[in-house]
1. Going by what's in this entry, would residue 86 be described as over 21 Å from residue 180 (Cβ atoms), among the hydrophobic types (A, V, I, L, M, F, W, C) and modelled with pLDDT of 95 or more?
2. I'd like the full set of residues that are farther than 16 Å from residue 65 by Cβ and assigned to a strand (DSSP E or B), limited to segment 164-175.
3. Would you check which residues across segment 105-146 are surrounded by fewer than 19 Cβ atoms within 10 Å (Cβ to Cβ), part of a helix (DSSP H, G or I) and either in contact (Cβ under 8 Å) with a residue 60 or more places away in the chain or touching a strand residue (DSSP E or B) at 6+ places or on another chain (Cβ under 7 Å) (or both) and list them?
4. Restricting to segment 147-185, name every residue that is among the aromatic types (Phe, Trp, Tyr) and either more than 15 Å from residue 105 (Cβ to Cβ) or free of Cβ contacts under 8 Å to residues at least 12 places away in the same chain (or both).
5. Kindly evaluate residue 156 against the criterion of being farther than 21 Å from residue 72 by Cα and of a type in the set (A, V, I, L, M).
6. Looking at segment 46-84, which of its residues are out of contact with any Pro (no Cβ under 7 Å at 6 or more places or on another chain) and polar (S, T, N, Q)?
7. If only one of 168, 150, 88 is assigned by TED's automatic domain parsing to the domain that holds residue 55 and loosely packed, with under 15 Cβ neighbours inside 10 Å, which one is it?
8. Inside segment 54-82, can you point out the residues that are under 16 Å from the mean Cα position of the chain (by Cα), more than 12 Å from residue 102 (Cα to Cα) and either of a type outside the set (Val, Ile, Thr) or crowded, with 17+ Cβ neighbours inside 10 Å (or both)?
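The values are calculated or read from the model by the stated rules, or taken from the named source; none is laboratory data. Bear in mind the structure is a predicted one, so any value in this text is a computation, not a measurement. Cβ placement follows ideal geometry from the backbone for every residue including glycine, while neighbour counts extend to all protein chains displayed.
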Amino acid sequence: MEPQNDISYGATGFLSRYKMIFIILFSVFFCLIIVFIAYKIFFPSVGKPEQIGSIQGASQPVKYWFDKFEENIYTKQLTYQLVGWAFPEKLTKPLADYEKQIVLINDQSTGYYFDTEVMTRKDVTDHYKDLGVNLDQSGFSVNISTKYLPEGKYNIAILFTLTDDSTPILFRTDYYLIRTADDIQFIKEK
């Protein structure tokens, strides 16, 4: 007697193989999501410098003001938040085209580059209306964590960069951060 091919068994085997592949792929995807969430919880990057390295940029006059510096809880992490506004006095392009960073420069001239979050500041445009320039994008806030900043004294600088590879503008302010074992202090020197 010849063995008969059971078509239904072949289709069932075919479907169960694909169910198994689907289950494996779903499990891997689920595990990656769990690892990503755990990484965000245990290794937060809030207040972490985007880059650490040499100082870049040409000095140019900048108008600025720091409105506040205070402790802040951001995504369940203690940071120090610096809020203010700044713009180069000689704008070659609209202010919205510039990327703004806060650079903390230590005594060895190493820069800790922090990206800022742009804040709309219509009051700055109103105050400098005689310039005839839209300065609404001059506002910024930045979070700085003690986790990622070694102890020491840091000069606060503001860096403006364009995407066209022109020379960045770096302006050193009269303000400093002093990182101690427990906190960060904000001071002005002249």
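1. Numbers: over 21 Å from residue 180 (Cβ atoms): yes; among the hydrophobic types (A, V, I, L, M, F, W, C): yes; modelled with pLDDT of 95 or more: yes.
Judged against the criteria, residue 86 is a match.
2. The initial filter retains those residues of segment 164-175 that are farther than 16 Å from residue 65 by Cβ, namely 164-170.
Result: 169, 170.
3. Listed by number, the list holds a single entry, 146.
4. We begin by selecting, within segment 147-185, every residue among the aromatic types (Phe, Trp, Tyr); these are 148, 154, 160, 171, 175-176.
Scanning segment 147-185 gives 148, 160.
5. Numbers: farther than 21 Å from residue 72 by Cα: no; of a type in the set (A, V, I, L, M): yes.
Considered against the rule, which asks whether it is farther than 21 Å from residue 72 by Cα and of a type in the set (A, V, I, L, M), residue 156 comes out as no.
6. The answer is 51, 54, 59, 72, 79, 81.
7. Values: 168 fails: loosely packed, with under 15 Cβ neighbours inside 10 Å; 88 fails: loosely packed, with under 15 Cβ neighbours inside 10 Å.
None of the other options fit; the residue is 150.
8. 72, 74, 77, 78, 79, 80
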